[in-house]
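Everything on this sheet refers to the single structure shown next.
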Amino acid sequence: MRSKKFQLPNLTFSKKYFKENIIKILLIIAAVIGIIVIFSILFFLVKESYPLPTDLWTFLSGEKWRPTSVNPRFGAFPLIVGTLLVTLGAMVFAVPLSIGSAIFISEIASPRIRAIIKPVIELLAGIPSVVYGFFGLIILVDLIHDGFNVPTGETWLAGSIILGIMAIPTITSVAEDAINAVPRHYKEGSLAMGATRWQTIRSVVLPSALSGITAAIILGIGRAVGETMAVMMICGNSAVIPTPLWNVFSPIRTLTSTLGIEIGEVPFGSGHYHALFGVAVLLLAITLVINISAVYVLGKIKEKQMALGKKKRKTIVSAETMYKIKRYLKHILIGVLLLFLYFVGGLILVGTIVVFAIVLYFVFKKLSQKNIQKISFSIITVAIIIVLCILGILLGYIISNGIGTISWEFLTTPHSNLGRQGGVVTAILGTLYLAAGAIAIALPIGVGAAIYLVEYKKEGEITKIIRNAADLLNGTPSIVFGLFGFAFLVLFLGWGRVLFAGQLTLAFMIIPTVLRTSEEALKSVPQSIREGSLAVGATRWQTIKRVVLPPASPGIITGSILGIGRAAGETAPIMFIAVTFSAVNPSSLWEPVNALSYHILVLATEIPGQEGKIAAGGAALVLLLIVICFYIIAILIRNYYSKKMKW
C-alpha cells in the first residue's frame, strides 16, 4: 500500500513536468522562428542578388539606372540620392513640428487635453500609406504644380511633405514618452530655484530626455526610408539626380519605389532581376545602419548620463554639459536654417529670413524670462495646431470625397467597368482574409516568443540575438518582405499569387509588433506575484497561465489589434504575391484576392477619368475607417486597463 501511495504522486509529478517541458520546447521554437525568418530573408536576398550585372562599385556609384534599354545601365546612385534627399526633406518638415507637439502634450497641455490630443496624433500612424499617397496625388501634387508653376507636381517636395506627415506620429509619440519619463523631482528642483517653466523645459527636461528624442528622430528616419507606396505615387519616379542638388521641384526615385515599380515585370534570373535584389540588399543595409546607429547613439548618451549621475553634482546638469548641449542645438538650428534656405531659394527670401533671425535674437536678449516663455509656448502651441490641422485636412478631404460614394450597394457589390462602377465587397473581404490569416500565424509565434524571453530565459546572448533579430525585422521596409515573398513563395516554391502567400508574408512583418508589445505587457506584471504563485507549489507554466497572462492580456490584445490594423493597410508586401484587381471572392487559400489598399492604388494610378478617382475616394474612406477602428479599439483597451491596473 505504501508503495502504491508513493508511486502515484511520482507518476503525477512526472506527467506534470513532462507537460512543462513540452510547453517550454514549444515556446523556444516560437522564439527561434523569429531568428529563422530574418536570417532566411537576409540569406535569400543576398543569394538572389548574386551575380550583379555589373561590378559593385559601378552599381553603387553609377549615375544611370536604365535596366530595360538596349544597353542596360544599373547605376543605383540616383536611387540612393533620391532616398536620402526625400528623407532629409521629410525630417526638416517633421522634426520641429514633432518635438514641439511632444513638448506641448507632456509639459503644457492639461490632463484632459492630453488625453484627447495624444490618441488623435497616434491615429496619424494608423492611416495606411496608400491613403497618404492618394491624398498627395490628388491634392498636394496639384497645389505644387499650380502654386509654383512647375511642369509637374510629382516632385521631391511632394514626397518630403507626405513622408514628413507620416513620420510625425512616430517622432511625437516616442519623444513625448521620453519627455514624460524625466523624473518629476528634476522639474520641481528647477522650479524651486526660481526658474520659469520654459527655462526648466529648455535646460532640464530636454537635455534629460535627449536620448529618447534622438531615438524618436532615428525611428522617424527609418519610417521615411522604408516607405514605398506614397513616394511611388507622388515623387515622379525619375531616376535622376536633381540639378542643382537642392532643386526640390525635381522628380526623383527612391530605392523602395524602384522595387515597387519594376519587380512585377522583371524576367526571372535576368540581370535586371539580380540588380533589383541588389537594391533590396542595399536598402536593408541602410536600415541596418540606421538601427545600429540608433543603438550606438543611445548607448553613448546613456553612458554619459550614468557618468554624470555618479559624480553627484549639485546641479542637475553641469554648466559644461549645458554649454555643449546648447552649442549642439545651435549647430542643428543653423543646419536646419541653411537647409530651409536652400529649399525655398531666392536672395530676397534669404535676406528676409536672416534679417528676421537677427532681429528676433536681439529682441529675445532684451525680453524678460516671462515674455520669452509666452513666446516659446506660443510657438509650441502653433506646432501642435499645425499637426492637428494636417490631420483635420487629411481626414476631412478623404471623408468629404468618399462619403458621397458610400452606400449599401457600394459596400455589398463587386466592382465593374474597371472599377468605375459597382462596389468594393471583394476588396473588403480580401483585406479581412489577409489580416485575419496574418494575425492567426503571427499571434502564437509572437506571444510564445515573448513568454519565453520574459518567463523562461535569463538575460544573455541568446535573448539579445532574439531581440535584435525582432528589432531588425520590425525596421525592415515592407517592400523587402514583398520582394522576399515574391521571389521565394511565388517563384521559387511555385505558389503563384495566392491568398496564403500574402497571409504568410504579412505575418512575418507583424511578428515583431506582437512580440514587443506582448513582452512589455508581461514585464509590467510584478515579479512578486510570480514568486507568490511558485511559493504555494504552482509550476512555472501554471503560474504563467493563471497568474501572469490574465493581467498581461490587455497589452497582448492591444499588440494583436495593432498588428491587424497594420496588415489591413499594407500594399507593398502583397502587390505581387497575393492580390489582383478581381471582382471574385477566393474559394480557397490557393487563389488570389483583391484588397482595399491595392484597389485604391489601381483606381488612382491606372484608371483614367474622374470616375476612377471618385471610386478610389470611396475605397480610401472604407479602408481608413476599418484601420482607424482597429487603432481606436487598441487605444481604448490601453487607456481602460492603464487606469484599472496600477500595480
Given (1) surrounded by fewer than 24 Cβ atoms within 10 Å (Cβ to Cβ); (2) under 14 Å from residue 434 (Cβ atoms); (3) modelled with pLDDT under 85, where does residue 567 come up short, assuming only one miss? (1)
Among residues of the stretch 516-564 being part of a helix (DSSP H, G or I) and among the hydroxyl-bearing types (Ser, Thr, Tyr), the residue nearest to residue 475 (Cα to Cα) is 517
Condition first: in a helix (DSSP H, G or I) and surrounded by fewer than 23 Cβ atoms within 10 Å (Cβ to Cβ). Can you find one or more residues in the stretch 246-262 that meet it? yes
Could you tell me how many of the residues in the stretch 218-244 are in contact (Cβ under 8 Å) with a residue 12 or more places away in the chain and over 19 Å from the mean Cα position of the chain (by Cα)? 9
In this structure, does residue 160 turn out to be touching a Gly at 6+ places or on another chain (Cβ under 7 Å) and in a helix (DSSP H, G or I)? yes
Unique residue being free of Cβ contacts under 8 Å to residues at least 60 places away in the same chain and not polar (S, T, N, Q) when the list is 552, 583, 567: 552
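Would you check if residue 158 is closer than 30 Å to residue 138 by Cβ, buried (at least 21 other Cβ atoms within 10 Å of the Cβ) and not polar (S, T, N, Q)?
So residue 158 passes the test.
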Filtering the stretch 92-127 down to residues that are among the hydroxyl-bearing types (Ser, Thr, Tyr) and surrounded by 21 or more Cβ atoms within 10 Å (Cβ to Cβ), which residue is farthest from residue 567 (Cα to Cα)? 106
Any residue in the stretch 137-152 that's outside the structural domain of residue 610 (by TED's automatic domain parsing) and hydroxyl-bearing (Ser, Thr, Tyr): show its pairings with residues that are surrounded by fewer than 19 Cβ atoms within 10 Å (Cβ to Cβ) and part of a helix (DSSP H, G or I) at Cβ separation under 8 Å, as long as the two are six or more apart or on different chains. 152/145
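The values are calculated or read from the model by the stated rules, or taken from the named source; none is laboratory data. Note that the structure is a prediction, hence the values are computed from the model and not measured. Virtual Cβ from ideal backbone geometry, glycine too; neighbours counted across all protein chains shown.
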